[in-house]
Each structure stands twice: as C-alpha cells, then as structure tokens.
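Only one structure is covered here, and it is reproduced in the block below.
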C-alpha cells in the first residue's frame, strides 16, 4: 500500500526546539496530488515505574497541549545520540528521583501517525530505589503513587487522557496478569 503514495515534495516550514514542521506534497494512488502537514520528531521514551508496594509512580506536570497539569507516566524526548532505553532510564530518575534494577521494553506507540513521526517507546521498571530527582529547567513535577486499578478507573472516568499513559498502564496490567 505504501507504494501507492509517492512523495513529490518535502518542504521545511519551521524548525523548532523539539519538532520540525514540513509541508509534504504527495501523489495518491488515484493520481490526486495533495498537500499534507508533517511534524518530524526524534521520538520519546516513557516508563511505568512499579514499586515494592505495588504502586505505580506517576508524575503530574503542566502540558501546553492541554493548558493544564495532567497525570502521566514519566516520559521525555530522546536526545540526539541517545537510544530509547537510555532515555527512559534517564527520564525515570529526572522526573521521579528513582532508579530501577530492572527495566524492560513494554510497547511502542505512534502518538499521532496522521501528521507526526513521533514514536513513544514505553518501558516498565521494577526493583526501584531512591536516587536524586533532577527535572529539566522547564519542568515543575509532582510525584504521585497509585495502584493499577486506581489508574484504570481514572482512565475510564476520563481523568487520565494522555495516550502514552493509557497505553502503558493497560500494557503493564497485562504484564502483571502474566506473572
């Protein structure tokens, strides 16, 4: 199916701090020529941290896209030259003040494939121990702990709407069920 689409143009419109905005021109299988907006993103990593008390460590922080503070799993962009695993481990410590003895890949989520290349690589972390919280200069983060059923209830009520968090929580629930 991908060979039915032919990219005719890829024009940089704006280079941002985190994303680059492009206008792409494509020829469709029906020979129509269309313009599509496209956001290039380096990807992100997220982690579901699970502590010895069977609680998931969550972070509450302001997000510009919602114009409010939201509850989510720790996550952040993958830095240049960094792999997703390293980014997930880094974000866990930066945002929560925890490190983990065990970090495993969970799932990958394309956040909005209709217009962005962003893929969020989601891990889970167990055997947590206290380290030093070190948020980025633009982050004010509150750390909260919940059991998985509380989080699923919050998702189903619409209190948690972040896609990577929803996917990560439900995928981790499956991990717990298989143990």
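Every number in this text was worked out from the coordinates using simple rules, so none of it is lab data. Bear in mind that the values here come from a model prediction, so they are computed numbers and not experimental data. Positions of Cβ are generated from backbone atoms using ideal geometry, with glycine treated the same way; all protein chains shown enter the neighbour counts.
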Scale the Cα Rg of the stretch 1-72 by the rule-of-thumb value 2.2 N^0.38 Å and send over the ratio, two decimals. 1.73
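Based solely on its DSSP helices, what 222 nm [θ] is calculated for the chain when runs of n ≥ 4 H residues each add -39,500 (n - 2.57) and the sum is averaged over all residues, nearest 500 deg cm²/dmol? Before the final figure, lay out each step's value.
Working: 3 runs with 39 residues, N = 179.
It comes out at -7000 deg cm²/dmol, rounded to the nearest 500.
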Each label sits 7 Å from Cα toward the beta-carbon; between residue 35 and residue 82 the label points are separated, in nm, by 3.5 nm
Rounded to the nearest whole Å³, what is the per residue volume of the convex hull around the Cα atoms of the stretch 83-179? 132 Å³
Alpha-carbon spread of the chain, three principal axes, descending order, Å: 58, 36, 30
Relative to the chain, whose Cα atoms define the longest principal axis, helix 163-178 and its Cα axis are tilted in degrees, nearest 10, by 50 degrees
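If you take the Cα Rg of the stretch 2-41 and divide it by 2.2 N^0.38 Å, with N the number of residues, what do you get? Numbers along the way, then the final one.
On the way: Rg = 11.4 Å, N = 40, 2.2 N^0.38 = 8.9 Å.
Normalised Rg, Cα atoms only: 1.28.
In which sequence would 96, 66 go, from the one with the fewest C-beta neighbours within 10 Å to the one with the most?
Numbers: 96 27, 66 10.
Placing the least packed residue first, the sequence is 66, 96.
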Under a point spin-label approximation (7 Å from Cα along Cα-to-Cβ), what is the residue 176-residue 64 distance to one decimal in nm? 3.4 nm
Report the extension gain between residue 7 and residue 159 in nm, rounded to one decimal, defined as 0.36 nm multiplied by the number of residues separating them, less their alpha carbon distance. 50.7 nm
